[in-house]
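For reference, the structure discussed in these notes is given below.
The values are calculated or read from the model by the stated rules, or taken from the named source; none is laboratory data. Computed from a prediction, not measured in an experiment: that's the story for all the values here. Every residue, glycine among them, receives a Cβ derived from its backbone with ideal geometry; neighbour counts consider all protein chains shown.
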Amino acid sequence: MADLKAGDVMTPEPTCVPLTLKIEELIHMFRVSHFSGVPVVDDDYCAQGVISETDILRALTYTLLPHGSSEMRIPKPGTPRTRNRPTARLLERSPAPDAPAVGRMVNGLLDRTVQELMSPVTISCGADDALHTVCETMAWKGVHRVVVVDEAKKVIGLITSGDIARGFAQHLRGDPVQQGGIGQGPTE
């Protein structure tokens, strides 16, 4: 397994979203797909960031909590081992704002674009990078996705923690490790 490359386990040609996609559309996409996060690309298909359900929850937390509140101290994405849970902060908050106010705040959030909420730092690698290096980066940075890019920084693949686990399981079974088969289950 030491000689595996990022391209050996990546999901090729992953679903990506444009910077201008509305959050409401992104939430719908997450709801009807198995995705919890996707790369964000510009018009040239170059990686600009990653957007995930966690980014949306973080924005919702910032929207609903009062400005200046000590509850607002939520670390930046990727802070290893110290990330708070935005949903827990929301659930602990009291008193709750009135329903019409919440509706207005949520509607405002839904009208925002992916570019406004995404994690703008893209953790990326090349298809020929050693897989163990990618795994170390994911563990150190506390991320679940690494975008695979070509020399021009265009997105060609995505490696998730699920892809790594799947590849490791294939290796342990003695099967050849197969590229990103999201949805590929164990072989009979």
I'd like to check something: does the stretch 54-65 contain any residue that is surrounded by 15 or more Cβ atoms within 10 Å (Cβ to Cβ), in contact with a Cys (Cβ under 9 Å, 6 or more places away or on another chain) and either assigned to a loop (DSSP other than H, G, I, E, B) or modelled with pLDDT of 75 or more (or both)?
no
Cβ pairs under 9 Å, 6+ apart or interchain, first in the stretch 109-121 and assigned to a helix (DSSP H, G or I), second among the basic types (K, R) and at pLDDT 90 or above, ordered by first then second residue, are L110/K22; V114/K22
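From the list V121, V106, V134, which residue is out of contact with any Pro (no Cβ under 7 Å at 6 or more places or on another chain), modelled with pLDDT of 70 or more, of a type in the set (V, I, T) and within 17 Å of V40 (Cα to Cα)?
On the way: V106 fails: within 17 Å of V40 (Cα to Cα); V134 fails: within 17 Å of V40 (Cα to Cα).
When all the criteria are applied, what remains is V121.
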Can you run down the residue pairs with Cβ atoms below 6 Å, 6 or more apart or on separate chains, where the first is in the stretch 17-42 and under 17 Å from I156 (Cα atoms) and the partner is loosely packed, with under 14 Cβ neighbours inside 10 Å?
V38/T15
For F30, indicate whether it is among the aromatic types (F, W, Y) and outside any helix (DSSP H, G or I).
no
